[in-house]
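Notes to accompany the following structure.
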Amino acid sequence: MTTSEEVLDLIFESLQDATARRTPFTLGYLGTVGIDGGPRVRAVILRRFDPVRSRIMFATDSRSEKVPEIRRSPRVALTMSDDQRAVQLRVEGHATLVDDTDERVSVWETLGRHSRGLYSSPAVPGTPVRERPEVFDDDATAFDRFAWVGVELERLDWLDLSAPRHARWRFVRRDGGWSGQSVVP
């Protein structure tokens, strides 16, 4: 029989792997509340996982719609799925935009040229494409548009469909620790 500690270790290992190398969990689907109150879901790339703080991190353009959505309503949900392993992870937590310049610079310096280039376009994400700009902004301006977002994990839901008898586990974080239990899939 699997214990909640074993499942939690597997979840944390999966999140760590997703941020250290490309795995199916590297791409997550972030759910927010839109400015108009409607639901919004979009893909984000998980960049870091801190198991001690139970925090996952992703980058975005500061001009994207998700930034004011997070500021207005920081409760978010993420879903990751691995079809090969037949598992799904859903997480809920509070998102914050990291203001610490040193932390942002540290992350910025690890991004590849292509990733940094995404922030150098003067075109705002989500606006209609009229013409692709020929001139891109400098690296300092690109860095100003780089937003680093942390999600403090509060709830986890792990669904494993790989065996004939499916398994599902729910975890809740309280007082800095996790408690989990097996639930009906």
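What follows is calculated from the coordinates using simple rules that are stated; it is not laboratory data. Not measured: the values here are computed from a predicted model. Cβ sites come from the backbone with ideal geometry, for glycine too, and all protein chains shown count toward neighbours.
Give me the Debye-computed log₁₀ of I(q)/I(0) at q = 0.21 Å⁻¹ for the stretch 106-185, equal point scatterers on Cα only, no solvent, two decimals.
Here log10 of I(q) over I(0) equals -0.93.
Would you mind checking which residues have amide H under 5 Å from S62's amide H? H placed 1.01 Å from N; only 5 or more apart, or other chain.
Long-range HN contacts for S62: F146, A147.
For the stretch 52-100, max minus min Cα coordinate along each principal axis, in Å, sorted largest first?
That gives 36, 26, 18 Å along the principal axes, largest extent first.
Tell me, what ³J(HN,Hα) does each residue in the stretch 164-180 have, in order and in whole Hz, if you take phi through Karplus 6.51 cos²θ - 1.76 cosθ + 1.60 with θ = phi - 60° and put x for Gly and Pro?
Calculated HN-Hα couplings, in order: x, 9, 5, 10, 9, 10, 10, 10, 10, 9, 9, 6, x, x, 10, 10, x Hz.
Please report the Cα spread of the stretch 1-102 along all three principal axes, rounded to whole Å, starting with the longest.
45, 34, 23
Considering the dipole of the stretch 6-118 built from charges on the beta carbon (Lys and Arg +1, Asp and Glu -1) around the Cα centre, which of P74, L8, I35 is farthest to its positive end?
About the Cα centre, the residue reaching furthest to the positive side is I35.
Taking amide hydrogens as modeled 1.01 Å from N in the peptide plane, which residues meet the under 5 Å criterion relative to G34, leaving out close sequence neighbours?
Amide H neighbours of G34, under 5 Å, 5+ apart: R40.
Between S73 and Q181, what is the label-point separation in nm under the 7 Å Cα-to-beta-carbon projection?
For Q181 paired with S73, the spin-label model returns 2.9 nm.
Which is the longest stretch in the chain that no exposed loop site breaks, taking sites as trypsin sites (Lys or Arg not before Pro) with a DSSP loop state and at most 13 other Cβ atoms within 10 Å? Kindly include the intermediate steps, with their values, before the conclusion.
Numbers: sites that count: R21, R22, R53, R130, R165.
That would be 54-129.
Please express the shape of the chain as an equivalent ellipsoid: the semi-axes are the square roots of 5 times the eigenvalues of the C-alpha gyration tensor, given largest first in whole angstrom.
The three semi-axes for the chain are 33, 17, 16 Å.
Within the chain, which is the longest segment that contains none of the GluC sites (Glu not before Pro) sitting in a DSSP loop with at most 15 other Cβ atoms within 10 Å?
On the way: sites that count: E109, E131, E134.
So the longest stretch without any such site is 1-108.
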